Amino acid sequence: MFTLYGDLGSGAFSAEAALAEAGAPYNFELVSLEKNEQRQPAFLAINPSGKMPALRISEGEIITESAAILLTLADYFPQARLLPPQASKARAQAYRWLAFMADEIYPMVEIADYPERFVPQAGEEALRTAARERIRERLLIIERMIAGPFLLAHGFSLLDIYAAMFSRWGHEPDWRLANLPRLMALADAVSRRPAIAPVWERHFGR
Ligand SMILES: N[C@@H](CCC(=O)N[C@@H](CS)C(=O)NCC(=O)O)C(=O)O
């Protein structure tokens with residue numbers, strides 16, 4: 001039994017969607033971002049960086065960092081084919097784009113959501129705007145990489161779960177519709193996968 005810690009609409013979506021796709025048994029422990037529970041001692045004991053998601057795996061070990069969680073679940077549930085075969089071109093591309101989203105997009109979310117952690121009050125709005133611009137710019141790179149219907153020509157992978165999640169953050173729905181048609185179609189396909197559909201609905205609605 002796995003235990004996933006996180007909030008709805010947060011990075012916990014990616015871990016939960018992967019658990020669901022793999023058919024893994026899990027509990028979802030709500031940690032409220034609104035109440036700042038990720039910064040309370042109870043959660044800091046789980047993840048000292050105060051970030052979600054965090055996953056307690058069946059051995060009791062805690063895994064944090066969304067990309068590490070996705071890779072761990074791909075290893076635990078090979079039959080779910082969350083990644084292309086090892087040592088294939090497609091697998092290398094999966095690592096490339098997973099790292100791109102985790103390293104180049106995700107850190108911008110903290111800057112956009114909590115600019116006060118980085119600059120004095122006078123600079124907060126400008127920083128937030130810049131972080132959102134970087135998110136949009138980097139989503140456009142993902143947009144151009146989508147083979148269709150999924151990110152890799154190989155087919156569905158954990159990258160699609162991750163990209164679909166980022167498609168929901170940091171910009172207005174109108175911008176998304178006008179600029180990310182392939183990513184919107186990909187997110188739609190992810191949201192309709194039988195195992196993921198109820199998870200998507202809980203996190204992002206319909
Ligand atoms: N590098 C982390 C980033 C996680 C992250 O920033 N999560 C957000 C929610 S989507 C969070 O916990 N924010 C609360 C905070 O920064 O206080 C990962 O990939 O898991």
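The values are calculated or read from the model by the stated rules, or taken from the named source; none is laboratory data. Fair warning: this is a prediction, and the values are worked out from it, not measured in the lab. All Cβ positions, even for glycine, are placed from backbone atoms using ideal geometry, and neighbour counts span all protein chains on display.
Overview of values
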item	result
Cross-chain or 6+ apart pairs with Cβ under 7 Å, the stretch 97-116 first and acidic (D, E), then more than 9 Å from the ligand (Cβ to nearest atom) and in a helix (DSSP H, G or I)	E104/R138; E116/E124
Every residue from the stretch 178-197 that is over 16 Å from the mean Cα position of the chain (by Cα) and of a type in the set (S, T, N, Q)	N179
Number of positions in the stretch 161-204 that are of a type outside the set (V, I, T) and closer than 21 Å to Y26 by Cα	14
L180 vs. criteria farther than 26 Å from A22 by Cα, aliphatic (A, V, I, L, M) and surrounded by 17 or more Cβ atoms within 10 Å (Cβ to Cβ)	yes
A189 within 26 Å of L33 (Cβ to Cβ), in a helix (DSSP H, G or I) and either touching a residue at least 40 places away in the same chain (Cβ under 8 Å) or assigned by TED's automatic domain parsing to the domain that holds I69 (or both)	no
The stretch 143-173, subset surrounded by 24 or more Cβ atoms within 10 Å (Cβ to Cβ) and hydroxyl-bearing (S, T, Y), residue nearest to the chain's Cα centre (by Cα)	Y162
Matching residues in the stretch 10-49 - criterion: being under 24 Å from A74 (Cα atoms) and acidic (D, E)	E16, E21, E29
Flag if Y106 is within 16 Å of the ligand (Cβ to nearest atom), surrounded by fewer than 16 Cβ atoms within 10 Å (Cβ to Cβ) and assigned to a helix (DSSP H, G or I)	no
Criterion violated by L30 - all others in (1) within 10 Å of the ligand (Cβ to nearest atom); (2) among the aliphatic types (A, V, I, L, M); (3) surrounded by fewer than 16 Cβ atoms within 10 Å (Cβ to Cβ) satisfied	(1)
